[in-house]
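**Q** Can you keep this structure in mind? I'll have questions shortly.
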Amino acid sequence: MQSDKIKVGMVGLGLVSTAHMKGYKSHPRAEVVAVCDSDSARVQRFAAAQGITETYSSYEQMLREAGIDAVDIATPTHLHAPMTRMAAEAGKHVHCEKPFSRTVGEGLQASDAAARAGVKLAVGETYVFITSHAKARELIDQGEIGRPMQIRHRHGQWVSRDQPAIPVGPLDRGWRVDPEQSGGGLYPWIFDHAVHFFAAAEYFAGGKIAEVYSVASRAPEAAEIVGGAPHDPYATAEQDIPIVTWTYEDSAMQGVWMRAEPLNGKFDYMRGFSTTIIGENGAIEVLGEGGHGLLWDGEQQHLVLHRAGKETLAFRFDEGQDDIWQSGISYYSQGHINQVHHFVDSILNDTQPRYGGPDGAHAVQCTLAAIRSAQESRPVRLHEIDQGYAAYG
Ligand SMILES: NC(=O)c1ccc[n+]([C@@H]2O[C@H](COP(=O)([O-])OP(=O)(O)OC[C@H]3O[C@@H](n4cnc5c(N)ncnc54)[C@H](O)[C@@H]3O)[C@@H](O)[C@H]2O)c1
């Protein structure tokens, strides 16, 4: 490395890129020197706002011409694996957003390309970098609840701030509901989000998932939406997958994820993502992205530790106002900042990122099992999802 800073080129300058940028800007040894987006007006706007002079509307050209050590990929999902492979072949380290790929094989091939090139590959799985989640893992490692036995995720409605710092427009959302570009077939929302839930489920449990069983909602009045998905992914909640269950390779352990959006208009007092981790000797309740409504002793908390025979402890991680959700904690950007710092540090220290390509492909495998389970109304073992299995087409 010629300079003492890692020089980064970012590609895909939409919703999530601003959170990544905060990570690079706050790391003393990283600098975003080039940005790229196929929308040339957007790249100019973004570059001007962030004070970056080198701009590209072609990714290939940025890889060839920009003097960069690493790329940050925040494009739509169908581009993740091919862009990772191209970057690796050009000798660049890669930080790539989740879902890492649309099939397991595509993800593993990109991962192999990075290994062959000897570059670092970090998949941007925020849920294993959110501060409160990392604290839960630390408490588990310290033996505070004994062996984790059951993971219960719930997903309440994410409530946007009145004026989100990162604008989300309908034009940005087309790929999100496209069966092929999103990778999710009839279940684009699940494909985009379940990778988070499975990654967190394995992170908290410390074990691998072996089988997935989904419950699909098939509200008859929502039937006409199928095949004509609107831009707002929440509009399809009634025909999505509201419940996913799983068992681990250690068959004594299991987990569940429940979606309690304003599904069918039902009241939900807890917002955002939250998890209860049941251990042999205690339990942890922890808020994740956009989480709100975890009370202990009449106060809002971010993590509550219940231990058999010992006093209950409550934790807060006030990281400033959330920049996207009404949750009173900066979960959204802080998770990205933690993850980007980890990526930069893994380059500087020549260590393996703690969430890499095979991890990203594995979360995709779990997610494809969830979709297949909903479609076939049966439990699906992970090994049934072979490298070529896709949810679309
Ligand atoms: N970890 C998280 O919390 C989180 C949050 C949001 C999004 N994401 C992931 O990040 C990725 C991007 O999501 P987003 O919401 O920012 O999307 P977005 O639609 O807001 O932005 C994507 C950008 O990529 C650009 N683009 C498309 N094709 C391109 C190409 N060939 N070359 C260069 N630029 C191209 C688009 O013009 C757009 O500006 C998705 O895979 C999504 O799942 C993750």
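Yes/no matrix, rows are residues, columns are (1) within 14 Å of the ligand (Cβ to nearest atom); (2) within 22 Å of P379 (Cα to Cα); (3) part of a helix (DSSP H, G or I):
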site: E180; (1), (2), (3): yes, no, yes
site: G184; (1), (2), (3): yes, yes, no
site: W189; (1), (2), (3): yes, yes, yes
site: H193; (1), (2), (3): yes, yes, yes
site: F197; (1), (2), (3): yes, yes, yes
site: A201; (1), (2), (3): no, yes, yes
site: F204; (1), (2), (3): no, no, yes
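**Q** Looking at the structure I just gave you, is G23 modelled with pLDDT under 95, in contact with a helix residue (DSSP H, G or I) (Cβ under 9 Å, 6 or more places away or on another chain) and closer than 28 Å to Q109 by Cα?
**A** no
**Q** Same structure again: Does G14 satisfy being in contact with a His (Cβ under 8 Å, 6 or more places away or on another chain) and within 19 Å of G335 (Cβ to Cβ)?
**A** Judged against the criteria, G14 is not a match.
**Q** Just to be sure I understand, how many residues within the range 315-331 are closer than 15 Å to G293 by Cα, polar (S, T, N, Q) and more than 16 Å from the ligand (Cβ to nearest atom)?
**A** Qualifying residue count, the range 315-331: 1.
**Q** Please identify the pairs in which a residue from the range 166-186 that is modelled with pLDDT of 85 or more has its Cβ atom under 7 Å from the Cβ atom of a residue that is more than 9 Å from the ligand (Cβ to nearest atom) and among the hydroxyl-bearing types (S, T, Y), counting only partners at least 6 apart or on another chain.
**A** Note: pairs meeting the criteria are P179/Y392; E180/Y392; G183/Y392; G185/Y392.
**Q** Can you tell me which of (1) closer than 15 Å to K98 by Cα; (2) in a loop (DSSP other than H, G, I, E, B) is the one V364 doesn't meet?
**A** Only one criterion is unmet by V364, namely (2).
**Q** What number of residues in the range 79-101 are closer than 23 Å to D350 by Cα, in a loop (DSSP other than H, G, I, E, B), within 11 Å of the ligand (Cβ to nearest atom) and not charged (D, E, K, R)?
**A** Count: 1.
**Q** Next up: In the range 241-261, how many are under 20 Å from the mean Cα position of the chain (by Cα), at pLDDT 80 or above and assigned to a loop (DSSP other than H, G, I, E, B)?
**A** The number of residues fulfilling the criteria is 2.
**Q** Filtering the range 13-28 down to residues that are more than 12 Å from the ligand (Cβ to nearest atom) and without any contact (Cβ under 8 Å) to a residue 60 or more places away in the chain, which residue is nearest to E319 (Cα to Cα)?
**A** K25
**Q** Still on this structure: Go through (1) modelled with pLDDT of 95 or more; (2) surrounded by 15 or more Cβ atoms within 10 Å (Cβ to Cβ); (3) not in a strand (DSSP E or B) one by one and return the number of the condition V304 breaks.
**A** (3)
**Q** If you don't mind, another one. Any residue in the range 36-64 that's assigned by TED's automatic domain parsing to the domain that holds R85 and in contact (Cβ under 8 Å) with a residue 24 or more places away in the chain: show its pairings with residues that are of a type in the set (D, E, K, R) and near the ligand (Cβ under 10 Å from one of its atoms) at Cβ separation under 8 Å, as long as the two are six or more apart or on different chains.
**A** V43/D37; F46/D37
**Q** If you scan the range 102-117, which residues turn out to be over 21 Å from the mean Cα position of the chain (by Cα) and not in a helix (DSSP H, G or I)?
**A** Hits for the range 102-117: nothing passes.
**Q** Among the candidates Q334, Q300, which residue alone is within 16 Å of the ligand (Cβ to nearest atom) and more than 18 Å from E202 (Cβ to Cβ)?
**A** Within the list Q334, Q300, the selection yields Q334.
**Q** Return the residues of the range 33-62 that are more than 11 Å from the ligand (Cβ to nearest atom) and in contact with a strand residue (DSSP E or B) (Cβ under 9 Å, 6 or more places away or on another chain); say none if nothing qualifies.
**A** Within the range 33-62, V33, A34, Q44, A47, Q50, I52, T53, E54, T55 meet the criteria.
**Q** Identify the single condition in (1) within 19 Å of the chain's Cα centre (by Cα); (2) away from the ligand (no atom under 12 Å from the Cβ); (3) modelled with pLDDT of 95 or more that I145 does not satisfy, given that it satisfies every other one.
**A** Of everything listed in (1) within 19 Å of the chain's Cα centre (by Cα); (2) away from the ligand (no atom under 12 Å from the Cβ); (3) modelled with pLDDT of 95 or more, I145 misses just condition (1).
The values are calculated or read from the model by the stated rules, or taken from the named source; none is laboratory data. Computed from a predicted structure; not experimentally measured. No Cβ is skipped: glycine too gets one built from the backbone with ideal geometry, and neighbour counts run over all protein chains shown.
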